[in-house]
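Written out below as structure tokens is the structure these notes cover.
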Amino acid sequence: MNSVTRSSGRGRVRFAKSNLDEYQPPTFEAFDTTLVTPRAPTANALSVLDIDMRVVENKRAHNTSSYKNNNLIVRRHQEFIITIRFSQPFNIQWDNVLLEFLIGSTPDVSRGTYIILSIGREKSDGPWSSRVLDIQGNYVTVGVTPDASCIVGRFQTFVVVVSDLGKQRTVRNTDTDVYVLFNPWDPADQVYIPRESDRQEYVMNDVGIIFNGEFNNINSRSWNYGQFEQGVLDACLLVLDVGKVPLTYRGNATQIVRRGSALMNSQDDDGVLVGNWSEDYSIGTAPTAWTGSTEILLKYARGGGVPVCFAQCWVFAGVLNTFMRCLGIPTRVITNYCSAHDNTGNLKTDIVLDEDGRVDRSRTKDSVWNYHCWNEVYMKRPDLPDRFSGWQVIDCTPQETSDGLYRCGPTSVNAVKEGELSYPFDARFVFAELNSDVIYRKSDKYGNTNVLHVDTAYVGKLLVTKRVNANSYEDVTSNYKYPEGSERDKQTMNNAENRGIPTRDYLPRTEAGVTIDLKAETIKIGDNFMLTMNVNNQTSQTCTINATISGSVAFYTGITSANFMLENKVATVNPQNTSKVLINVQAVNYMPYLVEQANLLFVVQGRIEETGQTLSAMRVITLRPPELTIKVNGIPRVGKDLMVIVSFRNPYTFILKNVQLRLDALGLIPTKIKTYDQIQPGGSVQYTETITPQSPGRKVLIGLLDCAALRQVINQLEIIVQ
């Protein structure tokens, strides 16, 4: 570890200089002009001997102490101080000194990439401001305040002494580079968020929870965002460089988040992550195997911008969350349960059933994802009416193009709720994910289809995010939607139709008065279970329902893989009554076809004998994986060894092959990976790792087991280091 000594009026302070074998950011070529050149000092001429960036105290004041980066990191529109040591006492009435902050290879004052501040007799400021705070002999302490809308990134710092002999400029020194970030603490910044608790959760929290599963059986997984880890800030800036984001865009949060939503996926460019829903991850890491963003971003940076394999929606959302929080933008991950992927954007999700009542995979092009993860960022939208500022949807999972690129947002959550879909960006697509109608169609052997049933309430069942300062979820559905069927909901749909959404002329004129739904308890992979079909009759007549229930194995995206069950049931239901019909589901039937994340899709098609009306319903059952246990031996104390034990037992009758076990804990250890060729039926594995905590406080250990036959085996353990 090399070091550099910097001086200040109160003594000399040694700062560690990075000696990473990890990603090193590219250094800018030295900026030079004919007007500003280094000159050898002449006798009695003022010259600069040292610049102290006052890193520790500035970081503390700017809420950037958590960044594992030896350079100064500050936030916009907030003063930071530096101390300059001159060769002789500084005379503010006579001496003329300039401070320069440069970013990019061709700095330009008019573009905000070359900032010139003066101290001394020719005092003047531009968008940035400076002031002399203290003079103690040869030491001058200066306060510098970046503009509230200045470029976010890494600036070079120079001091120039202007005299009758010309301009003497300090040499390039990477130790005096300063990173400028967005400032959610300052009302003048575009990303200001009023509550301190929100800032702590959505900017400063580096470990989170991402929710998955299904809407009435919510699962979760821990995710290490790691926005403060060594090398991550430089990696995030590299993403912008590889994506050729103009420097002039980098002070505008709207542009940053829009570009960021494109640059997290590799679909159009050399973005961070390659999406893969094929189940073949042989040339990379399975999406289910990641435990956080740090490993991904550092791998991307070390590779010089080569996309990392592989990701699905929660991985995209987790890494985008890290990217935004690292730059200072309040961000959270949202999970939308029953999220429509509407290929035509017409607010219709067509589920085509064959003659037997099974989902016709060849003719069903739309899908409803069990869940879909995206992000929200908090910001003012100066391009929109005031009421559409606040939380904005951004989504980097490559689903549809926007202005020619695979990206989505920022979309005002308030605009989506009101059906105001004509404002930028991508409001119509987000609205469809939340409000599409599911139309069940039946096809005959000639390819003709007719509508069986329309479900207007299936999509957008529930939207959740991590609760502030807790690991439970917060229901944010009401931020996006009015209650289903309410007058405000109808007004929203009218607004949407007035903004170009096709009219819903396919809706039935009369309701059947009978509804069907499917339910099941929490089921583990490999269990037999009972599926319950509830038939609710709200009419004044007894009804007889003939129903066909089909079962198929499905991906979490709603795409079916294989059919394993088809049963016919008859239920007679008295007026104003509910009848329950039980369907026995055997593991021996579904286990041979199970795909990753272990989802079973059940579709019921029913016909009311008395009226001839048809009904349909759909339900996804997410099977729970076996448990992974994490234990620690010893009392967590700074500087004391602590033993972590991760163990797993294979409860199945088949061999688990090519198993990968991950252990991850921010602030304790880098990601550790242990591989096993196989785990026999009934066999167990135990992985032990010794760690030595270096800092006190709350830490989260995340353990994860992953192989082709078994995904999503994950657990976490919180410890308090004393």
Only loop residues by DSSP count here, and only those with at most 12 other Cβ atoms within 10 Å; note down the trypsin sites (Lys or Arg not before Pro) in the stretch 487-586 that meet that.
Arg509
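Over the chain, what is the relative contact order in percent, taking alpha-carbon pairs closer than 8 angstrom and at least six residues apart?
Values: 1763 pairs, mean separation 61.7, N = 722.
Computed value for the chain: 9 percent relative contact order.
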Reach of Lys380 by Cα under 30 Å, taken over lysines that are not fewer than 8 positions away in the same chain:
Lys59, Lys68, Lys244, Lys417, Lys461, Lys466, Lys481, Lys490
Please check which bits of the stretch 99-134 a label hung off Gln88 would reach, taking the label as a point 7 Å along Cα-to-C-beta and the cut-off as backbone N under 17 Å.
121
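Rolling a 1.4 Å sphere over the protein heavy atoms, what is the accessible area per residue of the stretch 585-668, to the nearest Å²?
Values: 3510 Å² over 84 residues.
That works out to 42 Å² for each residue.
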Cβ-derived FRET efficiency at R0 45 Å, Asp386 paired with Gln136, nearest 0.05
0.40
In sequence order, calculated HN-Hα J values of the stretch 411-416 (Karplus, 6.51, -1.76, 1.60; Hz; x Gly/Pro)
10, 5, 4, 5, 5, 4
List Val352, Val468, ordered by accessible area with a 1.4 Å probe, largest first:
Val468, Val352
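Please report, to one decimal in angstroms, the Kirkwood hydrodynamic radius of the stretch 118-242 built from all distinct Cα-Cα pairs.
Numbers: mean 1/r = 0.0531 Å⁻¹.
Kirkwood hydrodynamic radius for the stretch 118-242: 18.8 Å.
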Exposure of Ile92 as accessible area (Å², to 10), given a probe of 1.4 Å and all protein chains:
60
Enter the Cα centre distance for the pair the stretch 567-581 and the stretch 114-168, rounded to the nearest angstrom.
80
Could you tell me the accessible area of Trp391 in Å² (1.4 Å probe, neighbours in place), rounded to the nearest ten?
40
Figure the gain on full extension for Gln491 and Asp505 (residue separation times 0.36 nm, minus the Cα-Cα span) and round it to one decimal in nm.
3.4 nm
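What FRET efficiency comes out for Glu474 versus Ile720 if R0 is 30 angstrom and r is the Cβ-Cβ distance? Round to the nearest 0.05.
On the way: r = 24 Å, r/R0 = 0.81.
The calculated FRET efficiency here is 0.80.
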Using θ = phi - 60° and Karplus 6.51 cos²θ - 1.76 cosθ + 1.60, couplings along the stretch 148-162 (whole Hz; Gly, Pro as x):
5, 10, 6, 4, 9, x, 9, 9, 7, 10, 9, 10, 10, 9, 9
Restricting to lysines and to Cα separations under 16 Å from Lys442, and discarding same-chain partners fewer than 8 apart, the set is Lys348, Lys365
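How much length, in nm to one decimal, is gained on full extension between Arg363 and Ile635, taken as 0.36 nm per residue of separation minus their Cα-Cα distance?
Details: separation 272, 0.36 × 272 = 97.92 nm, distance 5.90 nm.
Length difference between fully extended and current span is 92.0 nm.
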Lysines near Lys580 by alpha-carbon distance under 19 Å, same-chain residues fewer than 8 away left out - which ones?
Lys519, Lys569
Identified option (computed Rg and Dmax of the Cα atoms in Å; candidates (1) 56.4, 164; (2) 29.8, 108; (3) 27.5, 100)
(2)
What whole number of Å gives the distance from the Cα centroid of the stretch 372-448 to the Cα centroid of the stretch 622-691?
39
Probe 1.4 Å, heavy atoms of protein chains only: per residue, the accessible area of the stretch 370-470 in Å² is 35
Nearest 10 degrees, 0 to 90: helix 487-498 Cα axis against the chain principal axis
70
Cα-projected label distance for Gln255 with Glu610, points at 7 Å along beta-carbon direction, nm:
6.6
In the stretch 509-595, which GluC sites (Glu not before Pro) fall in coil by DSSP and have 15 or fewer other Cβ atoms within 10 Å?
Glu511, Glu521
Can you give me the long-range amide H partners of Leu666? Hydrogens built in the peptide plane at 1.01 Å from N, cutoff under 5 Å, separation of 5 or more residues or another chain.
Val700
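Can you tell me the length gained on complete extension of the stretch Lys68 to Lys519, counting 0.36 nm per residue apart and subtracting the Cα distance? Can you show the working numbers first?
Values: separation 451, 0.36 × 451 = 162.36 nm, distance 4.86 nm.
So the extension gain works out to 157.5 nm.
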Carbon and sulfur together cover what percent of the accessible area of the chain at a 1.4 Å probe radius?
46
Report the label-to-label distance for Tyr652 and Ser684 in nanometres (one decimal), using points 7 Å from each Cα along the Cα→Cβ vector.
2.0
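Counting other Cβ atoms within 10 Å, keep those with at most 15, restrict to DSSP loop, and tell me which trypsin sites (Lys or Arg not before Pro) in the stretch 352-435 are left. Walk me through the intermediate numbers first.
On the way: sites: Arg358, Arg361, Arg363, Lys365, Lys380, Arg387, Arg407, Lys417, Arg428; in loops: Arg358, Arg361, Arg363, Lys365, Lys380, Arg407.
Loop-located and lightly packed - Arg361, Arg363, Lys365.
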Computed over the stretch 210-316, protein heavy atoms only, probe 1.4 angstrom, the accessible area per residue in square angstrom equals 28
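The values are calculated or read from the model by the stated rules, or taken from the named source; none is laboratory data. Quantities reported herein were computed from a predicted structural model and do not represent experimental measurements. Neighbour counts run over all protein chains shown; Cβ positions are idealised from the backbone, glycine included. These accessible areas exclude ligands, DNA and RNA; they are computed on the full protein's heavy atoms, side chains included. Shrake-Rupley method; radii C 1.70, N 1.55, O 1.52, S 1.80 Å.
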